[in-house]
Structures are given as structure tokens and as C-alpha cells.
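Every number here is computed from the coordinates shown, using simple stated rules; none is lab data. Please read all numbers here as calculations on a predicted model, not as lab measurements. Every residue, glycine as well, gets a Cβ built from its backbone with ideal geometry; the counts of neighbours run over all protein chains shown.
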Ligand SMILES: [Zn+2]
């Protein structure tokens with residue numbers, strides 16, 4: 001299991017201290033995504049905009065490649 005905070009998933013460009021734990025990178029990213037989409041504050045705006053705007057497949061791919069790297073760096077709980 002690995003644990004990421006909302007802030008880590010947002011690459012320290014906002015977010016909060018809420019933690020997301022799991023074995024599956026996609027599930028952890030998805031849980032954080034749902035959390036971010038439920039927010040209305042400025043702290044989560046960069047991620048919310050990225051998810052809400054119809055961003056390109058290319059951008060999505062780039063984000064997941066970045067997150068996969070962070071996922072691999074992170075030790076198991
Ligand atoms: Zn958050």
C-alpha cells in the first residue's frame with residue numbers, strides 16, 4: 001500500500017492534507033480526482049481546472065507518466 005496526500009498528487013501546487021491510500025495507482029489517482037472535483041476552493045483550482053477542462057489525451061498521458069514516477073519513488077506503507 002502507498003499513501004499520497006492530496007498536496008503530493010497536485011505536485012505541491014495547492015491541494016490539502018487529505019490522504020489517499022491504495023495498491024493501485026489508478027485507484028489512488030481516481031479517489032483524489034473525485035475529492036478534487038468535489039471542492040470549490042482556490043487551493044484545488046489548478047487540478048480541478050485540469051480535470052474539468054477538456055484537456056488533451058497528450059496532457060492526460062503526461063500527467064499519468066509524472067504520477068507513475070512519483071508512485072514508483074514512494075515506498076510501500
Ligand atoms: Zn485536497
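Just a few scattered comments:
- For the pair residue 12 and residue 77, label points projected 7 Å from Cα toward Cβ lie 2.3 nm apart.
- Based on C-alpha pairs under 8 angstrom that are at least 6 apart in sequence, the chain has a relative contact order of 33 percent.
- Exposure proxy order (Cβ contacts within 10 Å, fewest to most) of 1, 10: 1, 10
- Counting only DSSP H runs of at least 4 residues, each contributing -39500 (n - 2.57), and dividing by the residue count of the chain, the helix-based mean residue ellipticity at 222 nm comes to -16500 deg cm²/dmol.
- Calculated over the chain, the projected area of the Cα convex hull averaged across directions stands at 4.7 nm².
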